[in-house]
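Q: Below: one structure in structure tokens.
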Amino acid sequence: MNSIQKTAKTSAVLILIMAVIAPFSMIYLPATLIVPGDATTTANHITASERLFRLGIVSDAIVFLIEIGLCALLYVLLKPVNKTLSLVAAFARLAMTVMQGINLLNHFLFCSF
């Protein structure tokens, strides 16, 4: 198996892992814990389901780390097609990942562990 095929398969596996993990922290968890317009009830739900809340933070962190790896892998994979566009796409994805990391940092800074 050549290098490009190995890179493509690794990228595909990481994207599939993200597709399984990300909906938990982005869809299921907010729907379960957050009550729009009622901060007290939301805080009570988070306090009552602390393990679920922490699992959401861990899943966000895993997605964040996968995103960093995907930036590099997709750049390497798409560089033979067009180096400039591949670099632009990698920087755009990296910028998105930085924003995701800043949001994740808020969880760590403002949640008592």
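The values are calculated or read from the model by the stated rules, or taken from the named source; none is laboratory data. None of these values were measured; they are calculated from a predicted model. Don't worry about glycine lacking a Cβ; one is built from the backbone with ideal geometry, like all the others, and counts go over all protein chains shown.
Q: If you check Ala92 against the conditions, is it modelled with pLDDT of 90 or more and surrounded by fewer than 16 Cβ atoms within 10 Å (Cβ to Cβ)? Steps first, please.
A: Numbers: modelled with pLDDT of 90 or more: yes; surrounded by fewer than 16 Cβ atoms within 10 Å (Cβ to Cβ): yes.
Yes.
Q: Continuing with the same structure: Got a sec? Which of Thr84, Thr97 is under 19 Å from Ile21 (Cβ atoms) and not hydrophobic (A, V, I, L, M, F, W, C)?
A: Numbers: Thr84 fails: under 19 Å from Ile21 (Cβ atoms).
It is Thr97.
Q: What single numbered condition from (1) under 22 Å from Ile4 (Cβ atoms); (2) within 18 Å of the chain's Cα centre (by Cα); (3) loosely packed, with under 14 Cβ neighbours inside 10 Å; (4) of a type in the set (Val, Ile, Thr) fails to hold for Val81?
A: (2) is the only condition that Val81 fails.
Q: Quick check on Thr10: is it surrounded by 12 or more Cβ atoms within 10 Å (Cβ to Cβ), hydroxyl-bearing (Ser, Thr, Tyr), at pLDDT 90 or above and out of contact with any helix residue (DSSP H, G or I) (no Cβ under 8 Å at 6 or more places or on another chain)? Break it down stepwise before answering.
A: Numbers: surrounded by 12 or more Cβ atoms within 10 Å (Cβ to Cβ): yes; hydroxyl-bearing (Ser, Thr, Tyr): yes; at pLDDT 90 or above: yes; out of contact with any helix residue (DSSP H, G or I) (no Cβ under 8 Å at 6 or more places or on another chain): no.
Here the answer is no, as Thr10 does not meet what is asked.
Q: For Leu70, indicate whether it is closer than 30 Å to Ile4 by Cβ and surrounded by 15 or more Cβ atoms within 10 Å (Cβ to Cβ). Quick ask: steps written out before the conclusion?
A: Working: closer than 30 Å to Ile4 by Cβ: yes; surrounded by 15 or more Cβ atoms within 10 Å (Cβ to Cβ): yes.
For Leu70, the condition - closer than 30 Å to Ile4 by Cβ and surrounded by 15 or more Cβ atoms within 10 Å (Cβ to Cβ) - is met.
Q: Consider Thr97 carefully, then state whether it is loosely packed, with under 15 Cβ neighbours inside 10 Å, among the hydroxyl-bearing types (Ser, Thr, Tyr) and part of a helix (DSSP H, G or I).
A: So Thr97 does not fit the description; no.
Q: Evaluate the following for Ile21: is it within 15 Å of the chain's Cα centre (by Cα) and of a type in the set (Val, Ile, Thr)?
A: Yes.
Q: Test each condition in (1) surrounded by 14 or more Cβ atoms within 10 Å (Cβ to Cβ); (2) more than 21 Å from Met96 (Cβ to Cβ); (3) at pLDDT 90 or above for Phe53 and report the one that comes out false.
A: Looking at each condition in turn, Phe53 falls short on (3).
Q: Still on this structure, I have one more. Could you please let me know if Phe108 is in a loop (DSSP other than H, G, I, E, B), farther than 21 Å from Thr10 by Cα and at pLDDT below 90?
A: Values: in a loop (DSSP other than H, G, I, E, B): no; farther than 21 Å from Thr10 by Cα: yes; at pLDDT below 90: yes.
In short, no.
Q: Sort out which residues of the range 24-50 are β-branched (Val, Ile, Thr) and either surrounded by 11 or more Cβ atoms within 10 Å (Cβ to Cβ) or more than 20 Å from the chain's Cα centre (by Cα) (or both), and write them in order of number. Break it down stepwise before answering.
A: Kept after step one, since they are β-branched (Val, Ile, Thr), are these residues of the range 24-50: 27, 32, 34-35, 40-42, 46-47.
Result: Thr32, Ile34, Val35, Thr40, Thr41, Thr42, Ile46, Thr47.
Q: Right, here's the next one. Given the structure, is Ile102 in a helix (DSSP H, G or I), of a type in the set (Val, Ile, Thr) and surrounded by 16 or more Cβ atoms within 10 Å (Cβ to Cβ)? If you could, list the steps in order and put the result at the bottom.
A: Working: in a helix (DSSP H, G or I): yes; of a type in the set (Val, Ile, Thr): yes; surrounded by 16 or more Cβ atoms within 10 Å (Cβ to Cβ): no.
Considered against the rule, which asks whether it is in a helix (DSSP H, G or I), of a type in the set (Val, Ile, Thr) and surrounded by 16 or more Cβ atoms within 10 Å (Cβ to Cβ), Ile102 comes out as no.
Q: For Ile46, state whether it is at pLDDT 90 or above and either of a type outside the set (D, E, K, R) or closer than 21 Å to Met18 by Cα (or both). Don't jump to the end; show me each part of the working.
A: Values: at pLDDT 90 or above: no; either of a type outside the set (D, E, K, R) or closer than 21 Å to Met18 by Cα (or both): yes.
No: the conditions fail for Ile46.
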